[in-house]
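Inspection log for the structure reproduced underneath, given as structure tokens.
Where a number appears in this text, it was derived from the coordinates with a stated rule and is not lab data. As the structure is a prediction and not an experimental result, all values here were calculated from the model. Here the Cβ positions follow ideal geometry from the backbone for every residue, glycine too, while neighbour counts run over all protein chains shown.
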């Protein structure tokens, strides 16, 4: 028997775990930031590309064909015809597919930029979301290190265009080949048999990556016999001899005052390794090209301590770090840290075509950069609501409509109150919630006399917060009566005054 | 036994069926169009909202909980915890979820706009994709018809801002309540028992929707006993009497010269139906408000023949149609047709909260509007590649880099050739493929004399196409030698000349 009164099951008004929404001024500030960054990319000759959010799982290429449900790390599902499709997890894998698909029609080299969301099927956590924005630029089809140098310079320009001051960031550059050269010299990489010492090199890489956190002594311990951490847990070491370890440590500490001196030091460290010397030469060329472009070591720095995702990269790697301090959630000062990174990866489309195609590119973490700019206070000035025309007489909506059109035609953001106009207090509360700079009031009496009241809500807020003195209050009354014909001019004046404060 | 040489299985370099990529100038033109449209939305006091691409299936609310795999129409899959999630199929369902979730923090009424891709799990076909862009504006939380009028006027402004001339579009407005009133008068809707005649009304609705295609006689046949089409197939009719059918036909043909006259005619047609009279009153208010705002019947037209998705809407419905002709794939002239539509839907969040919240809104079909603007030829002027600095001497990359930085700092889009510089012909071919306006050439000889060669590629193309006369060719040589210090000024001059042509 069917129940007569089934319980109403209401859906929860929540996005899935790990997803979020963006609102209002925050979105507009992000859009403006991305416009400025992609404006730089475009000026450098990069063309935009927007791929579909969905790729075939085989094109994404992260998964084994025999895995029953290949959703590890990505959101994947089966199409009607049983083939697997998935949401992209970055903007590079779709670039590889597009370049392989259209390689005969695209210019060579192909410079492209892309902006958009990517999705990761990972456990969400505080500040860790499963959808986030990336903003990438890549040059495909050329092995010249001039392409890497160009990306580094462009990254510097992009950060400045986004609003990061020149003294507040640094682009650090390193080269995977130099590290390989150092490994050769230290005897943990044999060019004639790359698989030897592989496990040891893994430990070395992970140790280098921990320099920031563990300091030189901690890294030395990991290069040697291993290290016991504060909780008593033991991490096995690479078992290098003291001499071997010092070669690796020397690499990390090779940074000098300028690129030339750093490269000279690196040249000593990789003596005897062809790969290493090639790597140093590439860094020298990058330093030379960036110096010629006016990108000195205050912006672009050769820094051997940069190790990022080195397993993936084959040549230069680079990273942009913000150097100013912010307060963390516990109120402690700390460096903001990395907001962009990239490097050279030389087998972009080989999976598709069998042909190796060299490429280099950078990815800016859009949400992190936005957070940095917000921490610097860029959002405050931008947040401005519309002028609100209140409704004193609901029969005269057409008049208010004409008024709002007049303001908009003069370039002033404006809206008519469209809620229930009965309670006038609610209209002012609404204007306040909208962050409106000005409210306009025109009742029957005002209309008869050809005037309107305009209320300076910004000033009203300031008065309420006791920011201005009594004299100022008298000199700048928060509400004034003006001629109806002076509406645009007087509101402009009032808004200009608020901007000037 | 494992095979020794497994066959290499290469992934296909293709997106999944029904998906596509967007490139270069097409993307930039779309971004510029959306900036202009959302600029209008923003000026009207609408705030941006970007929801996550993924919602829970229960929040999307289109699916029965007992369906094994609720993927009909949407792309859906199960999260690790077995809950179903799906890609949004429009921008309205996420708005409903957001409004229900944040209703205590959002202004009321809440005006919001949203731009982004939506996904449909439908069979792809020529011109039918499974991911496409929408650009929506909705006002949530107010029943006043002034909100509908505002959206219609804003839609008109948005189309003009996007580049559609005033004579090239029309926003048509109708009201679901008027149609219901007409149905009451015709005796196919009983307000005290809405389920009576439901099947017949469905046939009537579908018949009205076919007016464009079948003409009045075809619709009359469907309102009566039915209709045999050209192939001999018979479609059953609503079996209305001749008198009933004429009432319905009268509704469709009620459009007069201006909104006032049309409403007067509709008032006669719905006499006796409260719902119908309310609907006519609402249309009168919309006409009055839009006239007051300066949106005459050349832009905003009361038109009873508009019937769109009427099952969903509860009050005013509106549609923007482009009225200019384009050539279809067979070279025949036809009207471009609808590019945007919307209306009032008064139970947006009831599913979540149990409370009815009135809303009205419009959705612009971004790809269709882009196609219309492209058909009008907006893309031609925009397509301009970067100035290309060729590489005559690969050892002097730093000099070329300095040159390109100089151009970019002067606001000129420019790039250095980064392919293999050995074959100079390839460099010019590349510049051509990039649609570069100018190529710059500086070999060792030029450098020694302090000059560079600049080549007018736009003019070169024109010459090759025999567009200019011999005299012009002599007066405007396609290649000239200039002082190195005059680089920016001379390139500006050359590009300005090309723009002027």
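Please arrange B:135, B:152 by counting, for each residue, the other beta carbons lying within 10 Å of its beta carbon, fewest first. Intermediate values should be presented prior to the final figure.
Values: B:135 23, B:152 27.
Fewest-to-most ranking of B:135, B:152: B:135, B:152.
Distances between equivalent label points of residue B:10 across the copies, with each point positioned 7 Å along Cα→Cβ, amount to 5.7 nm, shortest listed first. Can you give the angle from 0 to 90° between the axis of helix B:397-409 and the longest principal axis of chain B, with both taken from C-alpha atoms, to the nearest 10? Once rounded, the angle reads 40 degrees. What sits nearest the axis between copies A and B, counting only chain A Cβ atoms, is the residue and whole-Å distance A:77, 2.
Averaging 1/r over each pair of different alpha-carbon atoms in the stretch A:94-149 and inverting the result gives 13.6 Å, the Kirkwood hydrodynamic radius. Taking chain B as the reference, fit the longest principal axis to its C-alpha atoms, fit the long axis of helix B:24-43 to the helix C-alpha atoms, and give the angle between the two in degrees, 0 to 90, nearest 10. Relative to chain B, helix B:24-43 is tipped by roughly 50 degrees.
Using R₀ = 41 Å, calculate the FRET efficiency as 1/(1 + (r/R₀)^6) where r is the Cβ-Cβ separation of residue B:268 and residue A:484; round to 0.05.
On the way: r = 39 Å, r/R0 = 0.95.
It comes out at approximately 0.55.
What nm distances, shortest first, do you get from the label point of residue A:429 to those in the other copies when the point sits 7 angstrom along Cα to Cβ? In ascending order, 7.2 nm. A helix-only calculation puts chain B at -12500 deg cm²/dmol for mean residue ellipticity at 222 nm, using -39500 (n - 2.57) for each DSSP H run of at least four residues, averaged over all residues.
Once the mean 1/r over all distinct Cα pairs of the protein assembly as shown is inverted, what Kirkwood radius in angstroms do you read off?
Mean inverse Cα-Cα distance, inverted, gives 32.7 Å.
Global dimensions of the stretch B:23-146 from alpha-carbon coordinates: Rg and Dmax equal 16.6, 47 Å. Shown is the FRET efficiency for residue A:374 and residue B:102, computed with R0 = 25 Å from the Cβ-Cβ distance and rounded to the nearest 0.05: 0.80. The same position residue A:132 in the other copies lies at 3.3 nm from this copy, comparing label points 7 Å beyond Cα toward the beta-carbon, shortest first.
When B:55, A:198, B:442 are sorted by how many other C-beta atoms sit within 10 angstrom of their C-beta, beginning with the fewest, the order is A:198, B:442, B:55. Taking the DSSP bridge list for chain B and keeping only pairs wholly inside it, about 85 percent are antiparallel.
Extension gain for the segment residue B:20 to residue B:493, taken as residue separation times 0.36 nm less the Cα-Cα distance, is 166.4 nm to one decimal.
Counted residue by residue at 0.36 nm each, then reduced by the alpha carbon distance between them, the extension gain from residue B:217 to residue B:298 reaches 26.3 nm. Projecting label points 7 angstrom from Cα along Cα→Cβ for residue B:82 and residue A:83 puts them 3.2 nm apart. A Förster radius of 56 Å, combined with the Cβ-Cβ distance separating residue B:355 from residue B:230, puts the computed FRET efficiency at roughly 0.65.
Rg and Dmax, both from the Cα atoms of the stretch A:297-370 and both in Å, are 15.9, 53.
Each listed q (0.14, 0.24 Å⁻¹) maps to a log10 I(q)/I(0) for the stretch B:363-430 from the Debye sum over equal C-alpha point scatterers, namely -0.60, -0.99. Let me know the shape class of the stretch B:24-379, please: from the alpha-carbon gyration tensor, a ≥ b ≥ c as square roots of the eigenvalues, rounded when a/c is under 1.5, otherwise prolate if a/b is greater than b/c, or oblate. Rounded. Placing dummy labels 7 Å off each Cα toward the beta-carbon, the span from residue A:346 to residue B:449 is 4.0 nm.
At a 10 Å Cβ-Cβ cut-off, how would you order B:488, B:182, fewest neighbours first? Write down the numbers at each step before the final one.
Working: B:488 15, B:182 26.
By the 10 Å Cβ count, ascending, the order reads B:488, B:182.
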